[in-house]
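In what follows, a single structure is set out as structure tokens and then discussed.
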Amino acid sequence: MSDAGMSPSRRTLLRGLAGVAGISVAGGLVSACSSSGSGSGTPSSGSSTGSSGSSGAVSGTVSFGSNYSDPGVKSAFAALCTAATAATGAQIKINTVDHNTFQTDITAYLQGTPDDLFTWFAGYRMQYFAAQGLAQPIDDVWEKIGGNFNAAAKALSTGLDGHQYLVPLYNYPWVVFYNKSVFTAKGYTVPTTWDQYLTLAKKMKSDGLIPFAFADKDGWPALGTFDILNMRINGYDYHIKLMKHEIPWTDPGVTQVFQHWAELMPYMQTGANGRIWQDAAKTLEQKKAGMMFQGTNQVAAQYVTDKADLADLDFFVFPEINPTYAQDYMDAPTDGFMLSKKAKNTDAAKAILEYIGTGAAEANFLKTDQWDVGLAQGLAAPTYDAIQKKSVTEIGKCKSVAQFMDRDSDPAMANAMIAIIQKFIDDPSTGNIATLQKSAEAQAKSIYTS
Amino acid sequence: MVVGLLLGIPLLLDLAFVWFPALATVLLSFTKWNGVGDLHNKACLPNVPSILNNGCLYGIQNYHQAVTIYPEFWPAVRHNLIWLAVFILFATPLGMLFAVLIDRGIKGSRMYQSILFLPVMLSLALIGIIWEFVYSQNLGLINTVIGRNGNNNAIDWLGNPHLNLWAVLVEATWRQAGYVMVLYLAGLKAVDPTLREAAVVDGANAWQTFWRVIFPVMRPINVVIMVVTVIESLRAFDLVYITNKGINGLELLSVLVTSNIVGETQRVGFGSALGVVLLVISLVPICIFLFQTFRSESREGQS
């Protein structure tokens with residue numbers, strides 16, 4: 001019986017192998033085609049004129065690796081590419097890969113046969129791949145588009161070596177959401193200091209509301225709470241140094257962050273480690289919860305998905321804790337585009353990046369988007385809703401914006417912190433905080449140095 | 001010539017797809033490498049940022065770090081052992097019990113057989129999602145039925161690190177029992193009915209018939225089930241990964257290997273070291289099984 005059971009599986013295995021081989025052969029052919037195509041397509045016309053870069057001067061096909069796999073953003077991205085073709089004359093071939101798969105495969109992808117351009121994130125996450133020579137500097141692109149962006153956006157696009165590697169497209173703020181109708185009905189006012197914040201939470205609890213909707217089953221949402229507390233208490237420079245492990249995790253500043261968080265814990269939705277953030281957002285939609293700290297890209301988007309009352313949703317920036325740093329910083333994760341080291345049609349790719357780095361291109365991309373905002377200076381896309389308009393204002397007020405823990409630090413460290421923060425949520429006692437800080441520091445040492 | 005070819009091709013495939021990767025994993029476990037660039041045979045420098053210390057020889061540091069400072073390691077080993085124990089002591093005997101009951105021809109046995117076998121036909125990913133509906137805090141079946149789906153009294157089945165492993169083991173048992181049942185049922189059907197008749201004539205009751213006559217006759221199928229049980233518990237991965245990616249109380253060695261090797265910044269050396277640990281653990285039951293098989297074969301050869 002076991003023999004009879006084995007032979008078909010062996011056969012399917014062989015067939016599977018043949019299939020894999022077939023695919024890789026086909027892949028080889030495709031890449032061979034595109035490389036020869038681009039070779040003939042950019043015959044010195046682009047490269048000899050060098051930095052002319054004028055519209056319509058480039059030709060050939062540029063391949064674009066995209067992780068914009070959800071239907072909404074996928075069509076928005078396709079529209080952006082069509083506009084880029086119209087503006088530059090270069091054809092674009094989009095290769096869409098599932099969002100998570102794209103991220104986990106990035107190392108192999110960039111070392112294999114990557115597309116000319118690819119979607120990626122600003123911050124250390126960009127710098128890490130740039131520093132290992134997997135992306136090309138695009139300083140010449142920035143010479144032309146630099147005027148469209150402020151200094152903060154340029155800093156986000158700059159690698160550890162001082163060269164630019166990314167053209168940003170959009171970002172979104174991490175802020176405290178609430179329903180206007182609830183605040184009006186109960187006479188709540190927007191808190192601006194830590195004490196007011198706690199008082200409001202206390203009042204909501206006595207009114208029978210969950211003060212803070214909270215979920216961390218996926219591990220990453222709670223990292224945002226750590227980020228904002230750290231930036232409010234210790235400032236942006238300290239935060240970034242900690243993310244790069246230039247400050248130890250056992251530092252008293254980190255202890256303070258956890259202590260402040262422990263003060264909030266009695267007012268946060270319990271059982272967060274077993275709840276997905278979508279469900280937490282639903283408790284806010286149903287007005288069972290008073291507030292929720294997360295990104296507009298999640299909360300506002302969830303309101304749209306659930307067809308909840310988006311007009312009733314509003315937000316305020318996280319209250320001040322340390323007057324030195326007031327409300328000067330926040331997490332505003334930025335997504336953008338990079339040029340891979342092995343790009344075949346570099347000139348056309350750079351022309352496309354030049355086009356994308358304009359306010360017009362961003363507005364075009366954001367036509368159907370009700371939660372992200374473009375980075376170009378002074379961009380006020382006609383389609384912006386109240387949340388987006390306020391996002392632009394509040395991000396603009398910041399002296400610096402961070403990118404989120406898993407973008408500002410080595411992702412391996414972010415993984416370690418996911419486990420540590422979940423343990424903190426289970427037991428926010430002083431004794432446990434000390435244990436967790438020690439564990440974080442030991443792991444940081446093994447990840448960043450050796 | 002033909003025989004050589006028939007033996008040679010599987011052997012080559014075996015070497016290429018089993019032995020080579022296994023050996024490569026062992027070798028990689030002594031390096032520090034993030035998957036970018038080449039490996040070289042220089043030792044890693046002490047106290048240098050990781051990005052400048054890539055593809056170097058790291059000695060047994062990966063193993064040392066795993067057992068000393070990696071907080072997920074020991075919980076993962078413990079959870080793998082709990083998983084194995086639950087499968088051996090509970091899931092497998094349960095499946096055998098189902099098989100024996102159905103084999104006795106109770107009323108509606110075909111229906112029971114279909115119901116119990118249904119979970120086996122579903123992918124583990126789907127099983128994880130089905131049980132999500134059962135366990136969900138505020139909307140799930142269990143909490144709604146027992147009236148604990150409020151915001152203050154809800155039982156956090158999948159998020160509480162003291163509960164979630166057991167909750168997931170119920171899911172795994174739900175499937176494993178059906179799997180074992182089908183294997184065992186096939187074995188029971190193959191038992192010569194005259195053996196039972198002889199036992200009844202000799203005056204044995206049902207209990208004695210099973211343990212003294214049927215069970216020993218079914219030795220080959222028992223061995224298969226034992227192997228299946230061990231393999232299924234060591235390769236457990238899907239259910240915890242679907243539930244929460246194997247964090248917060250659901251750590252398993254297979255998940256730790258994946259989370260270190262697959263991802264944006266890979267720790268290939270470290271993940272390989274964890275893989276080697278899992279390999280060594282797997283070797284124990286495999287060796288016992290091979291030892292048993294060869295011993296019984298040589299005994300049969302003598303007789």
Scan (1) more than 13 Å from chain B (Cβ to nearest Cβ); (2) under 30 Å from B:Ser259 (Cβ atoms); (3) basic (Lys, Arg) for the single condition A:Lys438 breaks and write down its number. (1)
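Could you tell me how many of the residues in the stretch B:251-290 are within 11 Å of chain A (Cβ to nearest Cβ) and either surrounded by fewer than 20 Cβ atoms within 10 Å (Cβ to Cβ) or more than 14 Å from the chain's Cα centre (by Cα) (or both)?
15
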Conditions (1) at pLDDT 95 or above; (2) farther than 24 Å from A:Tyr128 by Cβ; (3) among the small types (Gly, Ala, Ser) -> A:Gly147 fails only (1)
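Let's see how each residue does on (1) in a loop (DSSP other than H, G, I, E, B); (2) within 24 Å of A:Ile210 (Cα to Cα):
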residue	(1), (2)
B:Arg110	no, no
B:Ile127	no, no
B:Ile130	no, no
B:Leu139	yes, yes
B:Asn143	no, yes
Just to check your reading of the model, which residue among B:Val18, B:Val3, B:Val26 is touching a Ser or Thr at 6+ places or on another chain (Cβ under 8 Å) and either away from chain A (no Cβ under 11 Å) or polar (S, T, N, Q) (or both)? B:Val26
Mind telling me which of the residues B:Gly150, B:Gly203 ends up being on the phi > 0 side of the Ramachandran plot and over 23 Å from the mean Cα position of the chain (by Cα)? B:Gly203
Of the conditions (1) within 14 Å of chain B (Cβ to nearest Cβ); (2) buried (at least 19 other Cβ atoms within 10 Å of the Cβ), the single one that A:Phe315 does not satisfy is (1)
Working carefully through the options B:Asn41, B:Asn47, B:Asn54, find the one that is without any contact (Cβ under 8 Å) to a residue 40 or more places away in the chain and more than 13 Å from chain A (Cβ to nearest Cβ). B:Asn41
Just need a number here: residues in the stretch B:222-236 that are aliphatic (A, V, I, L, M) and not in a helix (DSSP H, G or I). 1
Do the conditions hold for A:Asn345, that is, is it in contact (Cβ under 8 Å) with a residue 40 or more places away in the chain, more than 28 Å from A:Ile228 (Cβ to Cβ) and touching an Asp or Glu at 6+ places or on another chain (Cβ under 8 Å)? yes
Among the residues of the stretch A:100-109, is any in contact with an Asp or Glu (Cβ under 9 Å, 6 or more places away or on another chain), surrounded by fewer than 17 Cβ atoms within 10 Å (Cβ to Cβ) and aliphatic (A, V, I, L, M)? no
Out of the stretch A:166-216, which residues are hydroxyl-bearing (Ser, Thr, Tyr) and either touching a residue at least 40 places away in the same chain (Cβ under 8 Å) or assigned to a helix (DSSP H, G or I) (or both)? A:Tyr170, A:Tyr172, A:Tyr178, A:Ser181, A:Thr184, A:Tyr188, A:Thr192, A:Thr193, A:Tyr197, A:Thr199, A:Ser206
Out of A:Thr393, A:Thr430, A:Thr383, sole residue that is more than 14 Å from every other protein chain (Cβ to nearest Cβ), within 20 Å of the chain's Cα centre (by Cα) and surrounded by fewer than 18 Cβ atoms within 10 Å (Cβ to Cβ): A:Thr393
So which residues in the stretch B:180-204 are buried (at least 19 other Cβ atoms within 10 Å of the Cβ) and away from chain A (no Cβ under 14 Å)? B:Val180, B:Met181
If I filter the stretch B:1-38 down to residues being without any contact (Cβ under 8 Å) to a residue 24 or more places away in the chain and outside any helix (DSSP H, G or I), which single residue comes out as surrounded by the fewest Cβ atoms within 10 Å (Cβ to Cβ)? B:Met1
I'm told B:Leu169 meets every condition in (1) more than 14 Å from chain A (Cβ to nearest Cβ); (2) at pLDDT below 90; (3) closer than 22 Å to A:Asp426 by Cα except one. Can you identify the failing condition by its number? (2)
For the stretch A:225-243, state whether one or more residues are over 26 Å from the mean Cα position of the chain (by Cα) and within 14 Å of chain B (Cβ to nearest Cβ). no
Mind counting the residues in the stretch A:394-419 that are in the same structural domain as A:Thr192 (by TED's automatic domain parsing) and β-branched (Val, Ile, Thr)? 1
The residue from B:Leu274, B:Leu278, B:Leu290, B:Leu239 that alone is in contact with an Asp or Glu (Cβ under 7 Å, 6 or more places away or on another chain), of a type in the set (A, V, I, L, M, F, W, C) and either assigned to a helix (DSSP H, G or I) or under 28 Å from B:Tyr58 (Cα atoms) (or both) is B:Leu239
B:Trp131 vs (1) touching a residue at least 24 places away in the same chain (Cβ under 8 Å); (2) within 11 Å of chain A (Cβ to nearest Cβ); (3) over 18 Å from A:Asp216 (Cβ atoms): all pass except (2)
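Any idea which of A:Thr101, A:Thr119, A:Thr113 is among the polar types (S, T, N, Q), within 14 Å of chain B (Cβ to nearest Cβ) and touching a residue at least 60 places away in the same chain (Cβ under 8 Å)?
A:Thr119
The values are calculated or read from the model by the stated rules, or taken from the named source; none is laboratory data. Since this is a predicted model, take the numbers as computed values, not measurements. All Cβ positions, even for glycine, are placed from backbone atoms using ideal geometry, and neighbour counts span all protein chains on display.
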